[in-house]
Every structure is written in C-alpha cells, then in structure tokens.
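Trainee: Below you will find the structure I want to go over with you.
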Amino acid sequence: MTKILIVTDAWHPQINGVVRSLDRTASELRQMGVEVDILTPLEFRTIPCPSYPEIRLSLTWPSRVRRRIEDSGARYIHIATEGPLGMLARKVALAAGRSYTTSYHTRFPEYVSARVPVPESWSYAMLRRFHNGGSGCMVATLSLEQDLAARGFTNLMRWSRGVDQTIFKPVDVMVYDLPRPIFVNVGRVAVEKNIKAFLDLDLPGSKVVVGGGPQLDSLRRAYPDVHFAGPRVGEDLVAHYAAADVFVFPSLTDTFGNVMLEALACGVPVAAYPVMGPLDVIGGSGAGVLDKDLGKAALAALEIDRAHCREVALRYTWRNSAQQFLDNVLAANGDLVRAAE
C-alpha cells in the first residue's frame, strides 16, 4: 500500500486554508486506499508565534524528527510548510538522501514585510533554497507557478484545491438582521488579508466580517458600524455565507483563496482585486467581478446570477485535488508509471 507522511507546522486547532486543504486531502487519499500519516505540532511542546499567538511553533530536535519519520514507515515524504517542523524534516530527509516534495501555500515574504521591515528578497531567497532542495514543489495556480518560476523556483507542480459541495451549498437561513445588501468577508482577520480595504469601502447596506485573528479587536474598535461575527464553523458558517449578497475578497497576497470557492458553492458572487488567486479562481468565469476599484466590483457583483456561482464551484472537487496531489508525489519520486500499472 502507498504510504505518505505529510509534515506540517499548520494544523488544528488553527482555522485557515492550509489546514483545511491538508485535512481534506488526507481524508480523500485515505478513501482512495492511500495510507496517510501526518506529523504536526500536536506531537511536541510548542510556543506561540510572535505577533500571531494562534500559530504554535514546535520545539524539538532533528533526532526526534528523524525517529518519527523512520517509525512512520512511509515511502513518500511531503513537507507542507516552511516552519520549524518543515525545516527539520527537510534537514533529516537531505541527510538521509531521501526524496521529498513540498508545497507553497503562503506568500510569507509579503506577510513578513507587512509586519516587520525585512526585504522580500531575503525571504524569497530562504524559501527558494527550502523548496528547490526537494524533488517537486506544488503550487495551487498558474499565476503562482509563473511568479515563483520567475523568482528562480524549480520543479513546480500544479495542485489545485476543492470545496465540499455537500456542506457548502445555498441554504434558506437568515442569520443577519441587517440592512441589505449584505457584503461579507470570511477568513483570518489579520493585516495580510487587507480587510481594511473592504471596511473602508463606501457601500450601501451592511458589511460583515466572519472570522478571528490578531486584528479582530482593533478593527472592531475602529469600525463600530461593521458587524463582526467572529469565528463560525459547520452549518453556522454556511449560513453566514449563504445569507450574504456578495462575498468581498480584498486580499492581495493569497495564493489561492479557498473561501472564494466556499462562497461560490453557497451561491454567493465574489468581488475581488485582479490579482493572484482571484484571477485563477474567478477569472472569466462570470461568477464574480474583478476590478482595481473594489467598491465598483462589489456593486457590480450584485447583478450576478447565484445559480451560476454554484455551477462554477462544482468544477472544483477535493477528490480531483487529492488525485492531483498523489500523482505529483508519485511523479516526483519516479513512481507514477509503476502506480498506473
């Protein structure tokens, strides 16, 4: 049986696109008959990440990570993040002469520079060294692939994302007692998400922010007229999506944007900037409006047919995403043809 060890610094109880993608991919792979082991910070003592306490950083040693990898018995190693665990797993794999794949989920250089005065070129040099040491680096979109290739990243492989269409769907539940139209944003409330650009828009009706994060309290104080719903999960989250008129995605740094697919699956059109992520997910699909004037995009999106948004979301499944991931792992290790046989 094929066995893959996924090493990730991002895991539960964090709520973000990386955790969701890895969790769903592992679940689908298991249903496909693939054995999946996941090495996460839950196995170690951790400390909070400076300025971002929701993220826990593992405290451990290379020897312990080496034993954990050896004990897993996995033929394939996938290193999903560039944090302490990812760095140690990379070091162990290289020392043992083992092949491994990586994935590029987060534009850390942009995230870091939004918080501290560190040149993006320094961060990209570190990330390039990290990912180019593997046999394949998985990226979610064509835009990201082209961007990283131009920065000297090699062995790039496409790994798209999915949405659970049985969970995220149109529902007739009114959770907002607010003036319409309702413009909503869902996701981590942090500076790199550029939520302030959404909150500063001059729009009719109401603005809603769903999610938690380090900026939540400060934005609540600064924007008393905005409804901050806090973190939501399950059916409650679906209801907060479906009851909105437009999903506004102001991020300039996301590599994909799973939340856009979730909104579309709930029948909600998307308004976003014409940048990486929205260009790939929305593009010319007609399920949203991309414009440098985000307010103009939000108003125009009100006219989009909600049924069409759902149709576009149905093109993305977690099964296809997991199959793409598996094919990448096998191909990077020279085993794709053998697996097909």
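The values are calculated or read from the model by the stated rules, or taken from the named source; none is laboratory data. Everything numeric in this text was worked out from a predicted model, so none of it was measured. In this analysis, Cβ positions are derived from the backbone assuming ideal geometry, glycine residues included, and neighbour counts consider all displayed protein chains. In case anyone asks, the SASA skips ligands and DNA or RNA and just uses the protein heavy atoms, side chains included. Shrake-Rupley method; radii C 1.70, N 1.55, O 1.52, S 1.80 Å.
Trainee: Within 10 Å, count the other beta carbons around each residue, average over each peptide in 33-39, 186-192, 168-174, 204-210, and list them highest first.
Mentor: 186-192, 204-210, 33-39, 168-174
Trainee: If each of ASP172 and MET1 carries a label point 7 Å out from its Cα toward its Cβ, how far apart are those two points in nm?
Mentor: Going by the 7 Å Cα→Cβ label model, 4.5 nm.
Trainee: If I compute solvent accessible area with a 1.4 Å probe over the protein chains, what percent of it on the range 204-341 is carbon and sulfur?
Mentor: Whole-percent figure for carbon plus sulfur exposure: 51.
Trainee: Heavy atoms only, 1.4 Å probe, whole protein assembly: order ASP71, ASP236 by accessible area, highest first.
Mentor: So the residues, ranked largest to smallest area, are ASP71, ASP236.
Trainee: What does the charge count near VAL189 come to, summing +1 for each Lys or Arg and -1 for each Asp or Glu among other residues with Cβ under 10 Å from its Cβ?
Mentor: Value of the local net charge: +2.
Trainee: When N counts the residues of the range 63-191, how does its alpha-carbon radius of gyration compare numerically with 2.2 N^0.38 Å, as a ratio?
Mentor: Rg over 2.2 N^0.38 Å, computed on Cα atoms: 1.39.
Trainee: Additional query: For the range 207-257, max minus min Cα coordinate along each principal axis, in Å, sorted largest first?
Mentor: The principal-axis extents, from largest down, are 27, 26, 19 Å.
Trainee: What order, most packed first, do the peptides 146-156, 88-98 have when packing is the mean number of other Cβ atoms within 10 Å of each residue?
Mentor: 88-98, 146-156
Trainee: Can you tell me the FRET efficiency between LEU314 and SER63 if r is taken as the Cβ-Cβ distance and R0 is 51 Å, rounded to the nearest 0.05?
Mentor: Efficiency, rounded to the nearest 0.05: 0.60.
Trainee: Where does the range 152-229 land on Rg(C-alpha)/(2.2 N^0.38 Å)?
Mentor: 1.42
Trainee: Can you give the helix-only mean residue ellipticity at 222 nm for the chain, where every DSSP H stretch with n ≥ 4 adds -39500 (n - 2.57) and the sum goes over all residues, rounded to the nearest 500 deg cm²/dmol?
Mentor: Taken over the chain, the calculation gives -11500 deg cm²/dmol.
Trainee: While we're here: Alpha carbon centre of the range 102-162 versus the range 236-304: separation in Å?
Mentor: A separation of 24 Å, based on Cα centres.
Trainee: What distance in nm separates the simple spin-label points at LEU42 and HIS227, each placed 7 Å from Cα in the Cβ direction?
Mentor: 3.4
Trainee: Choose one of SER99, THR8, VAL171: the residue whose Cα lies farthest towards the positive end of the charge dipole of the chain (beta-carbon charges +1 Lys, Arg; -1 Asp, Glu; about the Cα centre).
Mentor: SER99
Trainee: OK, next. Expressed as a rounded percentage, what relative contact order does the range 234-341 have, with Cα pairs under 8 Å and six or more residues apart?
Mentor: 23
Trainee: Using a/c under 1.5 as the rounded threshold, could you call the range 1-149 rounded, prolate or oblate? The axes a ≥ b ≥ c are square roots of the C-alpha gyration tensor eigenvalues, and prolate needs a/b larger than b/c, oblate otherwise.
Mentor: rounded
Trainee: In the chain, what is the count of Lys pairs whose alpha carbons are under 20 Å apart, counting only pairs at least 8 residues apart or on separate chains?
Mentor: 8
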